[in-house]
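These notes are about the structure you will find just below.
The values are calculated or read from the model by the stated rules, or taken from the named source; none is laboratory data. None of these values were measured; they are calculated from a predicted model. Because the Cβ atoms are built from the backbone with ideal geometry, glycine has one as well, and the counts that use them run over all protein chains shown. These accessible areas exclude ligands, DNA and RNA; they are computed on the full protein's heavy atoms, side chains included. Shrake-Rupley method; radii C 1.70, N 1.55, O 1.52, S 1.80 Å.
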Amino acid sequence: MDEPIPVTRDVDHGRAKLLPDVDRDRAWLLTVDGAPQSYVDLDVPTHLEFEYARRLGHVLDLVARPAAALDVLHLGGGALTLPRYLAATRPGSRQDVMEADRGLLALVEECLPVPGDAGITLHGADARGWLEDAEPGRADVVIADVFGGSRIPAHLTSVTYARLAERVLRPDGVYLANLADAAPFAFLRSQLATFATVFEELALIAEPGVLRGRRFGNAVLLASHRPLDTAALARRTASDAFPARVEHGAALRDFIGTAEPVHDTDAVPSPVPPSGAFGIG
């Protein structure tokens, strides 16, 4: 068998590279302008390499009874790591993926195609624009993992955006987002305050060192109208190969402090990460 070779292509929002993993057959790392975006193992789609993806995977495992099919909207596609994961762990799920970078979408479709029967539909569309036109109450889960390079776009951080995401969820649906920040957590606190204006229940998953302000890193936001099983989630994340903490309730309200919700008029992208902040997790 020929050794896989890297693929480099200019896409809409930068230069994308697909880099084969020398330690795993048919596993690839996707970067855009040098920033890691996705890792996917085509033979073992349940393998989640990045720390934040593993935490999202824990939530997806617990959000409904095991193997139950879900209707899921993915805002941001990358190499389709989580859509592949859900197709394997919850067969029969209906998944729509919104990816604004059509060039990146074409690259992934060409080099890392998903099986035709996976129930995954790809849309070359801006996440917020797609939500504005989407049918209300169509999704069990919305997963936001949208980065323009290494920053979350400003128009996906406001109260208006949060209301659009809430509108497409069913009453017991769950919103999930991959965020990134560092102490003093102005962006992260403002995002929590923003989603607290729309959802009654919030939780946050992050590595303890990130929450203590020791380094820049990812944090996973959970938001819903129904109580979240934070105890089961805390057990899973604590026992993971990359342990994390689950904050909720009074502790999370203390973390938010006096942060104010974000509105379209004052929205800004997430902070620029320091060099080397997004190593492979």
Original post:
On a 0 to 90 degree scale, rounded to 10, what angle separates helix 159-168 from the longest Cα axis of the chain?
Top reply: 70 degrees
**OP:** Kindly express, to the nearest 10 degrees and within the range 0 to 90, the angle between helix 186-196's C-alpha long axis and the longest C-alpha principal axis of the chain.
**Re:** 70 degrees
Original post:
Taking +1 at the Cβ of each Lys and Arg and -1 at the Cβ of each Asp and Glu, which of V108, Q191, I143 sits farthest along the dipole of segment 94-192 towards its positive end, judged by Cα position relative to the Cα centre?
Top reply: Q191
Subject >> Over segment 61-165: Kirkwood hydrodynamic radius from C-alpha pairwise inverse distances, Å >> reply: 14.3 Å
Original post:
Angle between the Cα long axis of helix 102-111 and the longest principal axis of the chain, 0 to 90 degrees, nearest 10?
Top reply: 50 degrees
Original post:
Based solely on its DSSP helices, what 222 nm [θ] is calculated for the chain when runs of n ≥ 4 H residues each add -39,500 (n - 2.57) and the sum is averaged over all residues, nearest 500 deg cm²/dmol?
Top reply: -8000 deg cm²/dmol
Subject >> Per residue accessible area of segment 227-267, 1.4 Å probe, in Å² >> reply: 62 Å²
Subject >> Table column - 3J(HN,Hα) (Hz), segment 241-253, Karplus curve with 6.51, -1.76, 1.60, x for Gly and Pro >> reply: 4, 10, x, 9, 10, 10, 9, 7, x, 4, 4, 6, 4
Subject >> Local electrostatic count, A69, Cβ distance below 12 Å [Lys/Arg +1, Asp/Glu -1] >> reply: +1
Original post:
Which peptide among 41-48, 56-63, 149-156 comes first, and what is the full order, when sorted by highest mean count of other Cβ atoms within 10 Å?
Top reply: 56-63, 149-156, 41-48
**OP:** Starting at the first residue of segment 225-239, write each ³J(HN,Hα) from the Karplus equation 6.51 cos²θ - 1.76 cosθ + 1.60 with θ = phi - 60°, in whole Hz, x for Gly and Pro.
**Re:** 9, 10, x, 9, 7, 5, 5, 5, 5, 4, 5, 5, 5, 5, 9
Subject >> Under 5 Å, built H, 5+ apart or other chain: amide partners of V11 >> reply: A16
**OP:** Of all alpha-carbon pairs in the chain, indicate the percentage at a distance above 27 angstrom.
**Re:** 35 percent
Original post:
Just for segment 72-175, what percent of DSSP beta bridges are antiparallel, to the closest 5?
Top reply: 5 percent
Original post:
Is segment 78-125 best put as rounded, prolate or oblate by its Cα gyration tensor, with a ≥ b ≥ c the root eigenvalues, rounded for a/c under 1.5, and otherwise prolate when a/b is larger than b/c, oblate when not?
Top reply: prolate
Original post:
Given charges of +1 on the Cβ of Lys and Arg and -1 on the Cβ of Asp and Glu, with all other atoms neutral, how large is the dipole of segment 177-281 about its Cα centre, in debye to the nearest 20?
Top reply: 400 debye
**OP:** If a/c stays under 1.5 just call it rounded; otherwise compare a/b with b/c (prolate if a/b is bigger, oblate if not). Do that for segment 1-144, with a ≥ b ≥ c from the square roots of the Cα gyration tensor eigenvalues.
**Re:** oblate
**OP:** Express as a percent, rounded to the nearest 5, the fraction of DSSP beta bridges in the chain (both residues included) that run antiparallel.
**Re:** 65 percent
Subject >> Dipole magnitude (debye, nearest 20) for the chain, charges at Cβ of Lys, Arg, Asp, Glu >> reply: 740 debye
